[in-house]
Amino acid sequence: MTRLRWVHPTTTGDPAPLQVHHELGLFYAYEAELLDEWRLDEWLHLTDEGFTYLVPVPLVTDQHPQLGYDPSALFMDETRDSIAENWVARLTDENIAVSWADRPPVRTRRFLSALRVRSTDHPQEYLARMNVQASMARHGTQPGEMIGERFDVVRRSGDSFRLVSRFVVLLSAIVDAPRPRTIL
């Protein structure tokens with residue numbers, strides 16, 4: 001049986017040790033700082049070589065319970081390489097002048113809450129699940145936001161972690177943000 005790429009990771013593992021919860025809380029605070037400051041080149045060092053970033057198309061239905069997304073369509077389908085080639089490259093000194101989506105810059109703040117970490121079948125690999133909100137404002141405009149639930153697979157790497165994959169389920173079916181191409 002082939003598993004679709006855009007089904008969020010299972011959350012059935014045992015809770016990870018409290019020390020792992022604490023360490024990941026610090027890791028995510030540092031990650032949010034890098035992303036809020038658009039230091040994507042440094043952020044890439046936190047990712048695994050095979051990192052994937054998937055955001056399915058949000059979908060609201062009358063069904064209960066509901067997935068909250070369309071399992072057959074992706075809003076974002078990125079890899080470590082595509083982020084480096086397409087996102088980071090736009091922010092270099094030679095490209096920023098023509099990167100109209102980034103001028104004037106969008107100021108962003110990420111808010112993370114309800115971190116839950118579970119062990120997986122792979123030693124030193126964990127599933128971190130949390131709520132995330134990114135508030136964004138561009139010069140003189142009303143702030144927009146993206147809110148969702150994030151499912152990260154992380155692997156211990158020395159005294160820190162590396163992001164293996166990120167799957168984000170957006171809360172709203174309408175994305176109202178000045179820069180929707182944002183890493184939540």
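Read the figures in this text as sums done on the coordinates, not as results from a lab. The shown structure was predicted, so the numbers you read here are calculated from the model rather than taken from an experiment. Quick reminder, even Gly has a Cβ in these numbers, built from the backbone with ideal geometry, and neighbours come from all protein chains shown.
How would segment 18-170 be classified by its alpha-carbon gyration tensor: rounded, prolate or oblate, with rounded meaning a/c under 1.5 and the a/b versus b/c comparison settling the rest? Walk me through the numbers before you get to the answer.
Values: a/c = 1.63, a/b = 1.19, b/c = 1.37.
Judged from the Cα gyration tensor, segment 18-170 comes out oblate (a/c at least 1.5, b/c at or above a/b).
Comparing Cα centroids, segment 124-184 and segment 20-78 end up 4 angstrom apart.
All other residues whose Cβ lies under 11 angstrom from that of Ser160 are scored, Lys and Arg at +1 and Asp and Glu at -1, for a net of 0. Place a +1 charge on the Cβ of each Lys and Arg in segment 20-70 and a -1 charge on the Cβ of each Asp and Glu, then give the dipole magnitude about the Cα centre in debye, rounded to the nearest 20. I would put it at about 200 debye. Each Lys and Arg Cβ is given +1 and each Asp and Glu Cβ -1; about its Cα centre, segment 18-170 then shows a dipole of about 440 debye.
Take every pair of alpha-carbon atoms less than 8 Å apart whose residues are at least six positions apart; their mean separation over the length of segment 18-170 yields a relative contact order of 24 percent. Taking the average, over residues, of other Cβ atoms within 10 Å as the packing measure, peptides 128-137, 34-43 rank 128-137, 34-43 from highest down.
Between Ser82 and Arg181, the modelled label-to-label distance comes to 1.1 nm, taking each label 7 Å out from Cα in the direction of the beta carbon. Phi angles of segment 151-163 translate, via the Karplus equation with coefficients 6.51, -1.76, 1.60 and θ = phi - 60°, into HN-Hα couplings of 10, 10, 9, 10, 10, 4, 9, x, 9, 9, 9, 10, 7 Hz per residue; Gly and Pro are given as x.
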